[in-house]
1. I need to check one value: relative contact order of segment 7-158, counting alpha carbon pairs closer than 8 Å and at least 6 residues apart, in percent.
2. Can you flag which of Lys3/Lys119; Lys66/Lys103; Lys23/Lys146 are past 27 Å Cα-Cα?
3. Please get the size of the charge dipole for the chain, origin at its Cα centre, with Cβ charges of +1 on Lys and Arg and -1 on Asp and Glu, quoted in debye to the nearest 20.
4. Take Thr43, project a point 7 Å from its Cα along the Cβ direction, then tell me which residues of segment 121-136 have their backbone nitrogen under 14 Å from it.
5. Provide Ile34, Ile13, Ile65 in ascending order of the number of other Cβ atoms located within 10 Å of each residue's Cβ, fewest first.
6. Starting from the Cα gyration tensor of the chain, multiply each eigenvalue by 5, take the square root, and state the resulting semi-axes largest first in whole Å.
7. Measure off 7 Å from each Cα along the Cα-to-Cβ vector at Asp50 and Glu79, then give the distance between these two points in nanometres to one decimal.
8. Counting Lys and Arg as +1 and Asp and Glu as -1, what is the net charge of the other residues whose Cβ lies under 15 Å from the Cβ of Asp59?
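Just so you know, all these numbers are worked out from the coordinates, no wet-lab data involved. Note that the structure is a prediction, hence the values are computed from the model and not measured. For neighbour counting, all protein chains shown are included, and Cβ atoms are generated from backbone atoms with ideal geometry for every residue, glycine included.
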Amino acid sequence: MSKVINRADIGGIIAQLKTQGKKIVFTNGCFDIIHVGHVRYLTEAKKLGDVLVVGLNSDRSVSGIKPGRPVNSENARAEVLAALCMVDYVILFDEDTPYELIKEVRPDVLVKGADWDIKDIVGADIVKEVRTIPFVEGVSTTGIIKKIQDSKSAEIEKA
């Protein structure tokens, strides 16, 4: 069975997991260029329960949040996330926020990066527990993209 699941199937999957007594953890994001910060974040999120569900912003929703992005398509990003051992399920969402998806998943724990104030985390009002996880300093997709762009600019200037 694929870890990338259709949104229509999530209710049944979650219901089955909950009857087995599984603790469901949910996080979401763009996960455009996977880096060590993402890996550590997802590893820590998985430790908070039994099943880690990742809501993945669709290409449309990413472009609304981050101009000029995504670099990788939603299908490619979903496949990479699904290949990570700590990720149990990946679900695409097209809305600007994952609020409706969180209502469908009904996680026991909602996780976001520590740059979020808990009161501002979308879905905090509908879950039992909200946790934040610190980021790895100096590592971000935006930083990686900038480093590549700066490197290309330096090459052009040398030519």
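1. Values: 225 pairs, mean separation 40.3, N = 152.
Rounded, it is 27 percent for segment 7-158.
2. Numbers: Lys3/Lys119 30 Å; Lys66/Lys103 25 Å; Lys23/Lys146 38 Å.
Violating the 27 Å Cα-Cα cut-off are Lys3/Lys119; Lys23/Lys146.
3. The dipole magnitude comes to about 340 debye.
4. Of the residues in segment 121-136, 134-136 have backbone N under 14 Å from the label point off Thr43.
5. Placing the least packed residue first, the sequence is Ile65, Ile34, Ile13.
6. Values for the chain, descending: 30, 16, 15 Å.
7. It works out to 3.2 nm between the two label points.
8. Net of charged neighbours comes to -2.
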